[in-house]
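Written below as structure tokens is the structure these notes are about.
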Amino acid sequence: MAPLLLDAGTGLREAGLRARHFTEQHLLLSHLHWDHIQGLPFYEPLFDPDFHLTIHTCHPWAEEALRTQMSEPFFPLSFDQLPARITVEVHEDQEMFEAGGFLVYVSKQCHPGDSFGYRICRGDRVVVFSTDAGRKDFGRCEKCKCPHLFAAADLLIYDAMLSEEEEKGAKRDWGHSSNVSAVRFGALCKVRQLALTHHSPKNDDAKLDAIYAETLALAEERRTAQKWPERVLEKIWMARDGLEITV
Ligand SMILES: [Zn+2]
Ligand SMILES: [Zn+2]
């Protein structure tokens, strides 16, 4: 079974080098901002005529946007000239569908132009991919249903681009979140493992290490004060290239 692809940022190039032997694969797309699609033209399996990629999205104009991305003067080969077959499937918010052997539920999130989070299930395990999402009204927002999306996930991949100060202050409408809200909402939704992603490009490794230490300390403090069950946030990760997590 080919691994599911979650968004198509620059990491997709490396993933392509490891995916040469697959003939069919599914990609779940959160939204069409550049940092989430930039790797797609460089995904090596797209140059294999026997490969079929299905892209799942909730943006009805996604295929048109991807066709523009892969057209002159942005890229020498057009969408139709790529040897592989590419299919774009457009879903509704709150829809459940099957993708590559996984059961997937999709849910709208607060982000400029909307983004979509995915709850991915197989057997009794649940992984949630939720990036580019602001959560200032978590649980009370009429637009998004993030508590349903997160509930009791074995792994929640969570947007932590902002500091708590930015999330609550000047950048509260940017549609991004922080490590502090990750701990808060991860615990509230009884998530087992948490991986922070979408790190701010302005943060170097030392700053990311400091954010990680702060996150662990905060979780420990609240675990005691709020008497969390043992499985709640039992492990917290800083997502990075090549990281492997067992759920
Ligand atoms: Zn975005
Ligand atoms: Zn982004």
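Structure data summary
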item: Within the chain, percent of DSSP bridges classed antiparallel, to nearest 5; result: 40 percent
item: Derived scalar couplings ³J(HN,Hα) [region 94-110; Karplus, 6.51 cos²θ - 1.76 cosθ + 1.60; whole Hz; x for Gly, Pro]; result: 6, 7, 10, 8, 9, 9, x, x, 10, 9, 10, 10, 10, 9, 5, 10, 7
item: Cα shape, region 1-90, gyration tensor, a/c 1.5 rule; result: rounded
item: Cα-based shape type of region 117-207, given that a ≥ b ≥ c are square roots of the gyration tensor eigenvalues and the cut on a/c is 1.5; result: oblate
item: Karplus 3J(HN,Hα) series, Hz, for region 7-21 with 6.51 cos²θ - 1.76 cosθ + 1.60 (x for Gly, Pro); result: 6, 9, x, 5, x, 5, 4, 4, 4, x, 5, 8, 10, 4, 8
item: Cβ-derived FRET efficiency at R0 25 Å, Glu164 paired with Trp34, nearest 0.05; result: 0.45
item: Sparse-neighbourhood loop sites, GluC sites (Glu not before Pro) in region 188-236 - DSSP loop, at most 15 other Cβ within 10 angstrom; result: Glu230, Glu234
item: Mean Cα-pair separation over length for the chain, i.e. relative contact order, pairs under 8 Å, 6 or more apart, %; result: 13 percent
item: Extension gain from Phe97 to Glu230, taking 0.36 nm per residue of separation minus the Cα-Cα distance; result: 44.7 nm
item: Helix-only CD estimate at 222 nm, as mean residue ellipticity for the chain, using -39500 (n - 2.57) per DSSP H run (n ≥ 4); result: -6500 deg cm²/dmol
item: Relative exposure of Tyr158, Tyr43, Tyr212, judged by other C-beta atoms within 10 Å (fewest first); result: Tyr212, Tyr43, Tyr158
item: Sparse-neighbour loop sites [GluC sites (Glu not before Pro); region 1-103; at most 11 other C-beta within 10 Å; DSSP]; result: Glu92
item: Degrees separating the helix 179-188 axis from the principal Cα axis of the chain, which is the longest one; result: 80 degrees
item: Spin-label proximity, Lys143 to region 159-182 - amide N less than 12 Å from point 7 Å beyond Cα toward beta carbon; result: 173-176
item: Rounded if a/c under 1.5, otherwise prolate or oblate - region 92-247, Cα gyration tensor axes; result: rounded
item: Cα centroid separation - region 204-247 against region 179-202, whole Å; result: 8 Å
item: Ile245 versus Arg125: modelled label distance in nm, points set 7 Å from Cα along the beta carbon direction; result: 1.2 nm
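Coordinate-derived values only; no laboratory data. As the structure is a computational prediction, the values presented were derived from the model and not from experiment. Quick reminder, even Gly has a Cβ in these numbers, built from the backbone with ideal geometry, and neighbours come from all protein chains shown.
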